[in-house]
1. Here are the criteria: (1) part of a helix (DSSP H, G or I); (2) of a type in the set (A, V, I, L, M); (3) modelled with pLDDT under 95; (4) in the same structural domain as Ala47 (by TED's automatic domain parsing). Tell me which single one Val133 does not satisfy.
2. Can you spot a residue in the range 139-150 that is under 19 Å from the mean Cα position of the chain (by Cα) and either loosely packed, with under 13 Cβ neighbours inside 10 Å or closer than 28 Å to Val55 by Cβ (or both)?
3. Is it the case, given these coordinates, that Asn167 is over 21 Å from the mean Cα position of the chain (by Cα) and within 14 Å of Leu149 (Cα to Cα)?
4. Residues being in contact with a helix residue (DSSP H, G or I) (Cβ under 9 Å, 6 or more places away or on another chain), without any contact (Cβ under 8 Å) to a residue 60 or more places away in the chain and over 15 Å from Asn70 (Cα atoms): count how many of those fall in the range 107-134.
5. Among the residues of the range 58-81, write down those that are outside any loop (DSSP other than H, G, I, E, B) and either touching a Ser or Thr at 6+ places or on another chain (Cβ under 7 Å) or farther than 13 Å from Asn108 by Cβ (or both).
6. Output the qualifying pairs, or none if there are none: Cβ atoms under 8 angstrom, residues six or more apart or on different chains, first residue in the range 167-179 and on the phi > 0 side of the Ramachandran plot and in contact (Cβ under 8 Å) with a residue 60 or more places away in the chain, second residue of a type outside the set (S, T, N, Q) and surrounded by fewer than 16 Cβ atoms within 10 Å (Cβ to Cβ).
Amino acid sequence: WKCDKPLYENQQQQPKQQDSNVTNGLNNQVLHNNNNKIIINCPHCQAVQPVDDNVDYFQLFNIEQQQQQNYDIDLDYLRKNYLSLQQNIHPDMNINRSNIENEFSSKNSSIINDGYKILRDPYQRAIYMLHSVFNIIIDEANVDSEPELLLEIMELNEEIEMAINDNDYSKQMIMEKLEENIEKLKKNLTIAFNELNGDEARKLTVRYSYYKNALAKLKSSSL
């Protein structure tokens, strides 16, 4: 059988059922599509729905976005929704599912994990938003940086090398300075995205990349 319940409040908005060719002959498999809300399970028949590879992660985790520019998100809310989504597609919840639904669940789980890792990481979130909001791609291996920033990073690297060969006190001071700078960057990124200033968001993200790598270098030297 097929689920004949409307997925939307407005019956006319309900998408047409996929024919058997689209569903590889599984005519009992229900596929619902909704551009405004991500459906993991049909609310009526509970059939597992495939999540698109190019799904918007903010939409996936039900994070309200106005033109997807809100960089500062509630991480507790993100985690809560992440756990809820994973619970819905857990294998124990899909014991009696069809093979294709189990395939959907496995793929959905991977997409949900990837999205969660990106949104919970401030740097990766900035990279993701640059692409999704402004279609700007940053390649860390080939970053076009401002001369002033390059000079600052050269001086910072010299400080780091001396600190690594010096003592833990010097390293700790530089790490604290870097962490403070990163916090300032995150606040400025929030402003840049809110103002839809793509160029400023790009510059801040490039700077973030250098600070992040410098901090990682210092921390690894302390191991």
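The values are calculated or read from the model by the stated rules, or taken from the named source; none is laboratory data. Source: prediction; values computed, not measured. All Cβ positions, even for glycine, are placed from backbone atoms using ideal geometry, and neighbour counts span all protein chains on display.
1. Only one criterion is unmet by Val133, namely (4).
2. Yes, there is a match, as at least one residue in the range 139-150 is under 19 Å from the mean Cα position of the chain (by Cα) and either loosely packed, with under 13 Cβ neighbours inside 10 Å or closer than 28 Å to Val55 by Cβ (or both).
3. Values: over 21 Å from the mean Cα position of the chain (by Cα): yes; within 14 Å of Leu149 (Cα to Cα): no.
No.
4. Total satisfying the criteria: 5.
5. Step one: of the range 58-81, the residues outside any loop (DSSP other than H, G, I, E, B) are 58-60, 75-81.
Selection gives Phe58, Gln59, Leu75, Asp76, Tyr77, Leu78, Arg79, Lys80, Asn81.
6. none
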